[in-house]
Amino acid sequence: MEAWILIPVLAGAYLLGSVPFAVVVSRIMGLQDPRSFGSGNPGATNVLRSGSKAAAVLTLVLDAAKGWLPVALVGWYGAAYGLYEGAQAAVGFAAFLGHVFSVFLRFKGGKGVATALGVLLGIQPWLGLAVLVVWLLAVGVWRMSSLASLVAAVAAPVIYLLGGGSVWVYDRPVLLFTGLMSVVLIYRHAPNISRLLAGTEPRLGASGRAAPKPAGKSRARRRKA
């Protein structure tokens, strides 16, 4: 594998991953910036809190696609340049990091759940589908997107290990980057983990449209005081 080939591919994947589709879709559809309400997270779940299911679904698909596409492209054309599954996983991780630490959002971003799923689907479709099933089952049991995402993040490298050698060919770099994605996902869910431990994490469908962040109200109270 030639490093000079992989470096621009990684950079391109990172830039694609950095595109904040939650913000772009919300602007195009005339919705409030998802960073200004709810959790402040530029992702599909927070876009759903705007009240537009169509915008949330479109954001979800695009966020997953930007994880899947660079991995798929390396899978289709990378062998001619010495880029195999390990390179696919590295490229997918670069796209995932782009979403989480977007250069277009001053290195802030979403939590990366949809993009990580797209990466897994690109590396090994059965792995991605298995992790998706885990997420759906967890949502069905607990009705919490954050908890389901944490369960799926822990399950992903375990599923890859269990299926390695039987369902798919085991590749150590794939396990490495899958594990790294899981670690970053858990880190990005730190506020959710705190709320889960405190018993204050909201369930799906528990409330309607999210109100804007209460920063303005806090300032108004200070002025009155």
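The values are calculated or read from the model by the stated rules, or taken from the named source; none is laboratory data. Owing to the predicted nature of the structure, the values given are computational and were not obtained by experimental measurement. As a convention, Cβ positions derive from the backbone with ideal geometry for all residues, glycine included, and neighbour counts pool all protein chains shown.
Worth a mention:
- Screening the candidates 57, 47, 9 for the property of being under 26 Å from residue 73 (Cα atoms) and within 16 Å of the chain's Cα centre (by Cα) yields one hit, 57.
- Look at (1) touching a residue at least 24 places away in the same chain (Cβ under 8 Å); (2) out of contact with any Leu (no Cβ under 9 Å at 6 or more places or on another chain); (3) closer than 27 Å to residue 37 by Cα and you find that residue 187 fails only one, number (1).
- Here is the figure for segment 23-79: residues that are of a type in the set (Phe, Trp, Tyr) and not in a helix (DSSP H, G or I) total 1.
- Hey, residue 166 polar (S, T, N, Q) and surrounded by fewer than 21 Cβ atoms within 10 Å (Cβ to Cβ) or not: yes
- Close Cβ contacts (under 7 Å, 6 or more residues apart or on different chains) running from residues in segment 26-41 that are farther than 17 Å from residue 192 by Cβ to residues that are surrounded by fewer than 20 Cβ atoms within 10 Å (Cβ to Cβ) and of a type in the set (D, E, K, R) comprise 26/33; 36/213.
- Checking each residue of segment 46-55 against the condition of being closer than 21 Å to residue 125 by Cβ and touching a residue at least 12 places away in the same chain (Cβ under 8 Å) gives no match.
- In a residue-by-residue description of segment 63-79, the property of being farther than 24 Å from residue 127 by Cβ and either without any contact (Cβ under 8 Å) to a residue 60 or more places away in the chain or touching a His at 6+ places or on another chain (Cβ under 8 Å) (or both) applies to no position.
- Qualifying residue in segment 106-117 (condition: touching a Lys or Arg at 6+ places or on another chain (Cβ under 8 Å), among the polar types (S, T, N, Q) and in a helix (DSSP H, G or I)): yes
- Candidates are the residues of segment 42-65 that are among the charged types (D, E, K, R) and surrounded by fewer than 24 Cβ atoms within 10 Å (Cβ to Cβ); the one that is farthest from residue 104 (Cα to Cα) is 53.
- Near pairs, Cβ below 9 angstrom, 6+ apart or cross-chain, from segment 161-182 (within 14 Å of residue 88 (Cα to Cα) and without any contact (Cβ under 8 Å) to a residue 12 or more places away in the chain) to any residue that is buried (at least 16 other Cβ atoms within 10 Å of the Cβ) and not charged (D, E, K, R): 170/160; 170/163; 170/164
- Qualifying residues in segment 108-126 (those that are within 16 Å of the chain's Cα centre (by Cα) and hydrophobic (A, V, I, L, M, F, W, C)) - the one nearest to residue 186 (Cα to Cα): 113
Let's see how each residue does on (1) at pLDDT 95 or above; (2) in contact with a strand residue (DSSP E or B) (Cβ under 7 Å, 6 or more places away or on another chain):
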{"position": "18", "(1), (2)": "yes, yes"}
{"position": "30", "(1), (2)": "yes, no"}
{"position": "38", "(1), (2)": "no, no"}
{"position": "43", "(1), (2)": "no, no"}
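- The residues of segment 186-213 that are at pLDDT below 85 and either surrounded by 11 or more Cβ atoms within 10 Å (Cβ to Cβ) or under 29 Å from residue 161 (Cβ atoms) (or both), listed by number, are 204, 207, 209, 210, 211, 212, 213.
- Selection status of residue 183, among the hydrophobic types (A, V, I, L, M, F, W, C) and surrounded by fewer than 17 Cβ atoms within 10 Å (Cβ to Cβ): yes
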